[in-house]
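Just so it is clear, none of the values below were taken in a lab; they were calculated from the coordinates. No experiment lies behind these values; they were computed from the predicted model shown. Using ideal geometry, Cβ is built from the backbone for each residue, glycine included, and neighbour counts are taken over all protein chains shown.
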Amino acid sequence: MEKDKLEECILQMHEIGVLKFGDFTLKSGMQSPVYFDMRIVTSYPKLLKVVSELLWCVAPRKAYDHICGVAYTGIPLATVISQLQDMPMLVRRKESKNYGTKQLVEGVYRAGQSCLIVEDVLVSGTSVYETVETLRNLQLNASDAVVFLDRQQGGACNLHTLGVNITPVVTLDQMLEVLKRHGRIQDTMIAEVQQFIRKNNVTKIRTKCEEAVSVPANERLIKTFELRADAAVHPLVRSLLGIVTSKRSNLCVSADVSSCTELLTLAQQVGPHICLLKTHVDTLPDFSDSVAQQLRSVAQQHNFLLFEDSKFVDIGATVARQWERRGAWADIVTVVPIAGDGLLTAIAQAALDNSKKGVILVAEMSSDGALRSAEYQEMCRAAAKRFPHLVMGFVSQSSISQSPWLLQLSPGVSVSASGDALGQRYVSPECSVGERGADVIIVGRGVTTSSDPAAAAANYQQLAYSAYLERVKRL
Ligand code: S5P
């Protein structure tokens, strides 16, 4: 996304009164010191076009069968995108007509087609979800949404829990930062708005029948790591949470480097700041028992565990053969549990001492177009239940389990990037831990490509641990 274009857009929004500071009552009844009134943007056609272009820039995919704006302000934005991208548009009414076809959605569509949803501001996510529900009832695939401003009040997390991936152009914090840098807003107002956001960052989505459908009290998210360590079933969960609390680090660095020399150097550099070091040894041509041994001594020296991202996926007999090279040397491995229990049984048999080996199930990937199936997530939870002495938790992007003795490890985290050219998607450490429920964040290039990996790791460590402390305090 073009940074200058976004900054100019924010400044113009402030000038014309889209962004107001004062005392406002939101749709939910909540009193807020800040109000974002995107409706007036339609009176500024050039700005409307820029906002629409920025929205399209953050869309997770570059092709959808349809686009649909959330009534009302999302509609003109979707219309402009539809024109610019030559993408058919659907219009969802707020109420169905009581004459003619009585349709709630206007346009030409077929079951199974995809639709990108467009919204102006995200608070709880209720309006977006109402549109998603209608489209899903018509058997359209409505899993991606874009929004201009995320007010950081829990909406992204709420929607994620319901299988909707929402990407903002800008967060309220980022908007405040731009206004501050340009001398448009006083520090006292920033502090007031930030305090308001911190106090009101958990919201609920309500369906038409006004039942809360998300943000159930989640035991895993409200308990401290210390309490969860005491309740842990798997000894390695206990050890890992012990490391996390003693080092005040819930950071896993993904050591995606090109040689074993680089791997050992990086392990030394980031060692003091991490609880886990993740590897892909199949990408290291010179990996050997001796390197594993050296890595183990660095891990001991700095007190972290070794996590091989093996993504075992095959039948048990094959994984039993892969185990020696790709599993035996590490404390923890990853498994994609789509092949039934044979694979986990093979690992349980191959690991000499199950209490010293852990498995993390890959339940939900961070990349564009990744499988987000309720059935698959249920398979993962069920596998964790059947192998409580082997499975330590999940790699996922959302809180797929509420069990406090299981861990959520989340990759796709960066403080600066929003994605890469091959479909990786990033969120901030605060969003990953505070909104999406990560216990441990996994950071690769955010650290490995830094000129100072130790400092970069220290920064992620601080951000992720503060977000955890904030989460347990808030919930
Ligand atoms: O969903 C996933 C699961 C994993 S394990 N998304 C991921 O990115 N990963 C891994 O995390 C990926 O293989 C890589 O090793 C790391 C993320 O690296 P980054 O450079 O994008 O932070």
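Scan the chain and report its longest stretch carrying no GluC sites (Glu not before Pro) that are both in a DSSP loop and have at most 16 other Cβ atoms within 10 Å.
Longest stretch, sites excluded: 212-475.
Out of all DSSP beta bridges with both ends in the chain, state the antiparallel percent to the nearest 5. All intermediate terms of the calculation are to be shown ahead of the outcome.
Numbers: 9 of 56 bridges.
Looking only at bridges with both residues in the chain, the antiparallel portion is about 15 percent.
How large is the translational diffusion coefficient of region 220-474 in µm² per second when you combine the Kirkwood radius over alpha carbon pairs with Stokes-Einstein at 4 °C and 1.567 mPa s?
72
Per q in 0.17, 0.24 1/Å, what log10 I(q)/I(0) does a Debye calculation on the alpha-carbon atoms of region 223-325 return?
-0.85, -1.22
So, with +1 on the Cβ of K and R and -1 on the Cβ of D and E, and no other charges, what is the size of the charge dipole of region 412-455 about its Cα centre, to the nearest 20 debye?
Working: 3 positive and 5 negative charges, 26 e Å.
Roughly 120 debye, rounded to the nearest 20.
Counting only helical runs of four or more DSSP H residues, what would the 222 nm mean residue ellipticity of the chain come to if each run contributes -39,500 (n - 2.57) and the total is spread over all its residues? Show your work: numbers first, answer last.
Values: 17 runs with 189 residues, N = 475.
So the helix-based figure for the chain works out to -12000 deg cm²/dmol.
Can you find, among LEU352, VAL108, TYR129, the residue farthest towards the positive end of the dipole of the chain? Put +1 on the C-beta of Lys and Arg, -1 on that of Asp and Glu.
TYR129
Based on DSSP loop calls and a cut-off of at most 15 other Cβ atoms within 10 Å, the longest stretch of the chain free of exposed chymotrypsin sites (Phe, Trp or Tyr not before Pro) is what?
100-475
Along its three principal axes, how long is region 3-199 when you only count alpha carbons? Whole Å, largest extent first please.
52, 32, 30
Compute the distance in nm between two label points, each set 7 Å from the Cα along the Cα-to-Cβ direction, one at GLU15 and one at ALA231.
Going by the 7 Å Cα→Cβ label model, 5.4 nm.
Which value, in nm² and rounded to one decimal, describes the direction-averaged projected area of the C-alpha convex hull of region 292-440?
9.7
For each pair in LYS94/LYS180; LYS46/LYS94; LYS5/LYS311; LYS62/LYS204, compute the distance between the two Cα atoms and list the pairs where it is over 32 Å.
Long pairs (Cα-Cα over 32 Å): LYS94/LYS180; LYS5/LYS311.
Using the 2.2 N^0.38 Å rule of thumb for compact globular proteins, work out how region 144-272 stacks up: its C-alpha Rg over that value, please.
Against the compact-globule rule of thumb, the ratio is 1.46.
As I understand it, the value is the acute angle between the Cα axis of helix 126-137 and the longest principal axis of the Cα atoms of the chain; what does it come to in degrees, rounded to 10?
Between helix and principal axis, roughly 80 degrees.
Just to be sure I understand: if I project the alpha-carbon convex hull of the chain onto a plane and average over all orientations, what area do I get in nm²?
Projected over every direction and averaged, the Cα hull of the chain covers 23.5 nm².
If you take every DSSP beta bridge whose two residues both sit in region 3-199, what share of them, in percent to the nearest 5, is antiparallel?
25
Using 17 Å as the cut-off for backbone N distance, which residues of region 310-354 belong to the label zone defined by a point 7 Å from the Cα of SER373 along Cα→Cβ?
Output list for this probe position: 313-315, 336-341.
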